[in-house]
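Worksheet: the structure to be examined is printed underneath.
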Amino acid sequence: MSKASIQVGENGRLEIHGDLSFDSVPWLWNHCRARFSERDELDIDLSQVERSDSAGVALLVECLRLAHQSGKTIRFFNIPAQMLAIARVSSLDQVLPLQRD
């Protein structure tokens, strides 16, 4: 399993790398949450996610919830097929602001 990391890409998006799991998501949540104080819009690129379980989708839901509470905009780019399948099971694909590049 690959360790998760987060960094700012050349295009200004937060890029999440590695595996999203119950072990890595709490750490990633703290870093994503800290970014909300820095920006009015937050774009998160998921193209480098190698594997995700339901905790990864829960991370997206929590980021969306925080964005709504703080009156900010969030968009998720390049959601991997595995995460999209999990989101579709519970119709979260209809709620999450998913974007294509």
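Worth a mention:
- When 13, 33 are checked against the criterion of being touching a strand residue (DSSP E or B) at 6+ places or on another chain (Cβ under 8 Å) and farther than 19 Å from residue 87 by Cα, a single residue qualifies: 13.
- Sole residue being more than 21 Å from residue 3 (Cβ to Cβ), modelled with pLDDT of 90 or more and hydrophobic (A, V, I, L, M, F, W, C), chosen from 59, 20, 92: 92
- Residue 44 at pLDDT 90 or above, of a type in the set (A, V, I, L, M) and farther than 17 Å from residue 15 by Cα: no
- Qualifying positions in segment 14-72 - of a type in the set (Gly, Ala, Ser) and without any contact (Cβ under 8 Å) to a residue 12 or more places away in the chain: 34, 37, 71
- Take the conditions (1) in contact with a helix residue (DSSP H, G or I) (Cβ under 6 Å, 6 or more places away or on another chain); (2) in contact (Cβ under 8 Å) with a residue 60 or more places away in the chain; residue 77 misses just one of them, which is (1).
The values are calculated or read from the model by the stated rules, or taken from the named source; none is laboratory data. If you're wondering where the values come from, they're calculated on a predicted model, not measured in any experiment. With ideal geometry, Cβ positions are generated from the backbone for all residues, glycine too; neighbour counts draw on all protein chains shown.
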